[in-house]
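Colleague: Let me give you the structure first, and then I'll get to my questions.
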Amino acid sequence: MKIAFCCANIKAEPWLQGLAAALQDIDGGVEVSAWEPGAPPADYAVVWVPPQQFIDEQSALKAVFNIGAGVDRLLELRLPPSLRVVRMDDAGMAVQMAEYVSQALIRHFRGLDLYEARMREGDWSYIHPPRREDFPVGVMGLGVLGERVARTVAQFEFPVLGWSRSPKAIEGVRSFSGASGFDEFLAATRVLVNLLPLTPETQGIMNRGTLSRLRAGAYVINVARGAHLVEEDLLALIDEGHIAGATLDVFRTEPLPAGHPFWQHPKITITPHTSARTLRDESIAQIAGKIRALERGDAVTGVVDTARGY
Ligand code: NAP
Ligand code: GLV
């Protein structure tokens, strides 16, 4: 079995060794190599933002494993309609996302950002404790990551709402779905968490029209993709006072360009696309397990519906 590794800006060697070790006993043996133009056809591929040439040349793939949850960049390529695309399915990302969103929510809710500033100025004064019921948290996207985040936030006893394409039954989460449920979801949300995939339908979904419908004093946590947010609209709504602030992990252009207003904005906290990192060992174990399942003819989870875009 041949496995081609083609991941932009990722050190190949530990992945090659890890995949080879995890599949060493496979029938006929395994050869895992970093792809180069003109390489012989592989049976499986492990990719992150591969070039079109890779897809064009590798025409015998049984499956391509995307080493992230989001497949938006991969689906920008011309893919053969029959190619099976498999996304990372948690593999240690969900708990990271739950941690990240919880800290951003709680930091804002408890005023810890304000306390940080006051402490630095020697100001020993209290902020009136907020009421949890005044901070309903709305999670857009209730998939592998969004569901985990919604359940975690519900454990902290915030009112939690979720919005997805299809209705969900998740304990402690009020479910809204589809276009018809969007307005009611937005109107009831104070802290908006975005965990949607980036598709033609969701691009720019956080814009002046939608963000204005959130409850006054809203807070935005974007951990999905930068292109979900119309950045100028967020800045304008913060200036106008409708939005209290934001925690942003993803941006329209990454790395965030020098001089971008988000770098220094006092009401915006930023991190460099790190809320849920791909964990190498967990990912290798998941990919190896799925390759074994596919070789046995079994179904695997995480197969992307390329027409739907996630
Ligand atoms: P997922 O399992 O595919 O879940 C996607 C969710 O979004 C599903 O609940 C789906 O609804 C909903 N959805 C999709 N299109 C919709 C639409 N048009 N209207 C309403 N709901 C819609 O994805 P995931 O694994 O949770 O990951 C979500 C995203 O997080 C990824 O695509 C990626 O962009 C981002 N991400 C970011 C980081 C980071 O470090 N910042 C790390 C990992 C992932 P249904 O359930 O009804 O289908
Ligand atoms: C990271 O952004 C991912 O999609 O896994």
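Colleague: Quick check: residue separation of Ala258 and Val49 times 0.36 nm, minus the Cα distance between them. What number comes out in nm?
Modeller: 72.9 nm
Colleague: Give the relative contact order (percent, whole number) for the chain; include only Cα pairs under 8 Å separated by 6+ residues.
Modeller: That works out to 16 percent.
Colleague: Using only helices, what value at 222 nm comes out for the chain when you add -39,500 (n - 2.57) per DSSP H run of length 4 or more and divide by the total residues, to the nearest 500 deg cm²/dmol?
Modeller: My calculation for the chain gives -9500 deg cm²/dmol from helical runs alone.
Colleague: Contour minus end-to-end for Glu76 and Ser180, with contour as 0.36 nm per residue of separation and end-to-end as the Cα-Cα distance?
Modeller: 34.6 nm
Colleague: With a 10 Å radius around each residue's Cβ, average the other Cβ atoms per peptide and rank 5-11, 67-73, highest first.
Modeller: Top to bottom by mean Cβ count within 10 Å: 67-73, 5-11.
Colleague: Now for a separate question. Calculate how many DSSP beta bridges within region 93-270 are antiparallel, expressed in % of all such bridges and rounded to the nearest 5.
Modeller: Details: 1 of 27 bridges.
Here the share of antiparallel DSSP bridges comes out near 5 percent.
Colleague: Here's something else I'd like to know. Can you compute the charge dipole magnitude of region 158-266 about its Cα centre, using +1 on each Lys and Arg Cβ and -1 on each Asp and Glu Cβ, nothing else charged? Give it in debye, rounded to the nearest 20.
Modeller: 300 debye
Colleague: What is the antiparallel percent of DSSP beta bridges lying wholly in the chain, to the nearest 5?
Modeller: On the way: 2 of 43 bridges.
If we restrict to bridges inside the chain, about 5 percent are antiparallel.
Colleague: How large is log10 I(q)/I(0) at q = 0.13, 0.14 Å⁻¹ when the Debye formula is applied to the Cα atoms of the chain, each weighted equally and without solvent?
Modeller: -0.96, -1.07
Colleague: Now for a separate question. Measure off, as a whole percent, the carbon and sulfur share of the 1.4 Å-probe accessible area of the chain, all protein chains present.
Modeller: 51 percent
Colleague: Next question, about the same structure. Amide H to amide H under 5 Å from Thr247: which residues, 5+ apart in sequence or cross-chain, H placed 1.01 Å off N in plane?
Modeller: Correct list: Val220, Ile221, Asn222, Thr269.
Colleague: Separate question: Which order, highest average first, do 187-200, 259-272 follow once you tally other Cβ atoms within 10 Å for each residue and take the mean per peptide?
Modeller: Highest-to-lowest ranking by the protection proxy: 187-200, 259-272.
Colleague: So, one more: Which order do the peptides 134-140, 113-119 come out in when sorted by mean C-beta neighbours inside 10 angstrom, highest first?
Modeller: Averaged packing, sorted descending, gives the order 134-140, 113-119.
Colleague: Under a 1.4 angstrom probe, counting protein chains only, how are Thr306, Thr301 ranked by accessible area, largest first?
Modeller: Sorted descending by solvent-accessible area, the residues read Thr301, Thr306.
Colleague: On to the next question. How big is the dipole moment of region 239-310 about its Cα centre under a simple scheme where the beta carbon of each Lys and Arg is +1, that of each Asp and Glu is -1, and everything else is neutral? Debye, nearest 20, please.
Modeller: Once rounded to the nearest 20, the dipole reads 200 debye.
Colleague: Got the relative contact order for region 93-270 handy, in percent, Cα pairs under 8 Å and 6 or more residues apart? Mind dumping the intermediate values first?
Modeller: Numbers: 304 pairs, mean separation 28.7, N = 178.
The value is 16 percent.
Colleague: Quick check for me: using +1 on Lys/Arg Cβ and -1 on Asp/Glu Cβ, what's the dipole size of the chain about its Cα centre, in debye to the nearest 20?
Modeller: 500 debye
The values are calculated or read from the model by the stated rules, or taken from the named source; none is laboratory data. Keep in mind the model is a prediction, meaning the values are calculated, not measured. When we count neighbours, we look across all protein chains shown, and the Cβ atoms used for this are built from the backbone with ideal geometry, even at glycine. Note: areas computed on protein heavy atoms with side chains; ligands, DNA, RNA excluded. Shrake-Rupley method; radii C 1.70, N 1.55, O 1.52, S 1.80 Å.
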